[in-house]
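Data block below; observations after.
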Amino acid sequence: YFADQLSDRLLMLHGMIDDNVQYQDVVRLSQRFIELGKTNWDLIGYPVEPHAFVETTSWTDEYGRILKLFQEELLVNE
């Protein structure tokens with residue numbers, strides 16, 4: 001309902017076999033961002049991950065992306 005208010009960057013990291021938060025919900029949100037012409041968001045789907053990630057490679061990828069976002073967005077003002 002509030003997708004139009006996105007102003008800061010958004011990084012969505014989501015397990016595709018999540019049985020708590022349905023992957024289709026984040027896909028619908030992504031579609032809404034596309035319809036609104038928003039470009040400051042990213043969606044990374046992890047095909048083998050449930051709600052709580054279990055694979056080491058997924059954890060490494062996820063936290064690497066979070067670190068990169070922090071470096072780009074939070075450290076830019078130093």
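Summary of values
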{"read-out": "Residue identified as under 14 Å from the mean Cα position of the chain (by Cα), open to solvent by 50 Å² or more (accessible area, probe 1.4 Å) and of a type outside the set (S, T, N, Q) among D42, D19", "value": "D42"}
{"read-out": "Hits in the range 1-57 (condition: among the basic types (K, R) and either within 24 Å of L67 (Cβ to Cβ) or in contact (Cβ under 8 Å) with a residue 24 or more places away in the chain (or both))", "value": "R9, R32, K38"}
{"read-out": "Matching residues in the range 9-54 - criterion: being outside any loop (DSSP other than H, G, I, E, B), touching a helix residue (DSSP H, G or I) at 6+ places or on another chain (Cβ under 6 Å) and of a type in the set (D, E, K, R)", "value": "R32"}
{"read-out": "Test: residue in the range 58-65 that is among the β-branched types (V, I, T) and in a loop (DSSP other than H, G, I, E, B)", "value": "no"}
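The values are calculated or read from the model by the stated rules, or taken from the named source; none is laboratory data. Since the model is a prediction, treat every value here as computed from it, not as a measurement. Backbone-built Cβ (ideal geometry, glycine too); neighbour counts: all protein chains shown. Note: areas computed on protein heavy atoms with side chains; ligands, DNA, RNA excluded. Shrake-Rupley method; radii C 1.70, N 1.55, O 1.52, S 1.80 Å.
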